[in-house]
Amino acid sequence: MTAASLAGLRILVSAGPTYEDIDPARFLGNRSSGKMGFAIAAEAAQRGADVVLVAGPVHLPSPAQVRRVNVRSAAQMLVAVMKGLPCDVYIGAAAVADFTPRSCSPGKIKKQPGQDTLVLELVQTRDILAEVAAHAQRPRLVVGFAAETDNVAGYARGKLQRKRLDLICANQVGVAGTGFESDDNALLVIDADDERALGPAPKRALAGQLLDLIAERLA
Ligand code: C5P
């Protein structure tokens, strides 16, 4: 099968972790490497799409022919993604923080003598994916990711419905050779009435298979 052409399509991809600052020296982050989202952006651009990649803090080179916007926090990612609308397809591959410190301390937090605990107050972040799916300029396809440690298909299907997505790509984290820091991955791609297992395969090959599914749905 030849790779589906994506010429003429505007594809917006988010990738990587977000860092939520606690004070000038510390942050809350996560183990997302950004590799899956970068592979999707690279493959989509190679197939002729006009690609904007909103990237959290990662150490990855920019794919060829991709417009990259670097952000740090979930709040910054929300702003950058909204600026990327309208588009035909939004693929939310970023591991966005669900909670962020209520405030960032202006000075480095010091431990006090005899202090055993420190309570950080966290507030929920806005859900970028759900907001894109509910937007007046909703893309034709909104695709999410779900990293789960258990009940992968069940939780992912719940997110598909709750966030009003067209597709969700679920992967099991904590399995050697797939997921966050790995070069390979395996995905269960779920829509309202079907499930397709992709991989295990290198992330770039998997990106191609996912883009084939996306192109099929847009046709
Ligand atoms: O609910 P959960 O965080 O597991 O959902 C994962 C999906 O939602 C990913 O596609 C992620 O990019 C997106 N997400 C988001 N904004 C958030 C939290 C998650 O866009 N604040």
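The values are calculated or read from the model by the stated rules, or taken from the named source; none is laboratory data. Since this is a predicted model, take the numbers as computed values, not measurements. FYI the Cβ positions are ideal-geometry reconstructions off the backbone, even for glycines, and counts take in every protein chain you see. Surface accessibility is based on the protein's heavy atoms, side chains included, excluding ligands, DNA and RNA. Shrake-Rupley method; radii C 1.70, N 1.55, O 1.52, S 1.80 Å.
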**Helix-only mean residue ellipticity at 222 nm for the chain, each DSSP H run of n ≥ 4 adding -39500 (n - 2.57), per residue, nearest 500** = -7500 deg cm²/dmol
**Complete:** With label points set 7 Å from each Cα along the Cα-to-Cβ direction at Ala197 and His59, the distance between them in nm comes to 3.5
**Prompt:** Tell me, what HN-Hα J-couplings in whole Hz come from the Karplus equation 6.51 cos²θ - 1.76 cosθ + 1.60 at θ = phi - 60° for each residue of region 124-134, using x for Gly and Pro?
**Reply:** 5, 7, 6, 7, 4, 4, 5, 5, 5, 5, 9
**For peptides 102-109, 123-130, sequence by mean Cβ density within 10 Å, most packed first** = 123-130, 102-109
**Viscosity 0.890 mPa s, 25 °C: Kirkwood-radius Stokes-Einstein D of the chain over Cα pairs, µm²/s** = 137
**Estimated distance in nm for a label pair at Arg67 and Glu121, the labels positioned 7 Å out from Cα along Cα-to-Cβ** = 4.0
**Request:** Whole number in Å², please: accessible area per residue of region 78-219, 1.4 Å probe, ligands, DNA and RNA not counted.
**Result:** 55
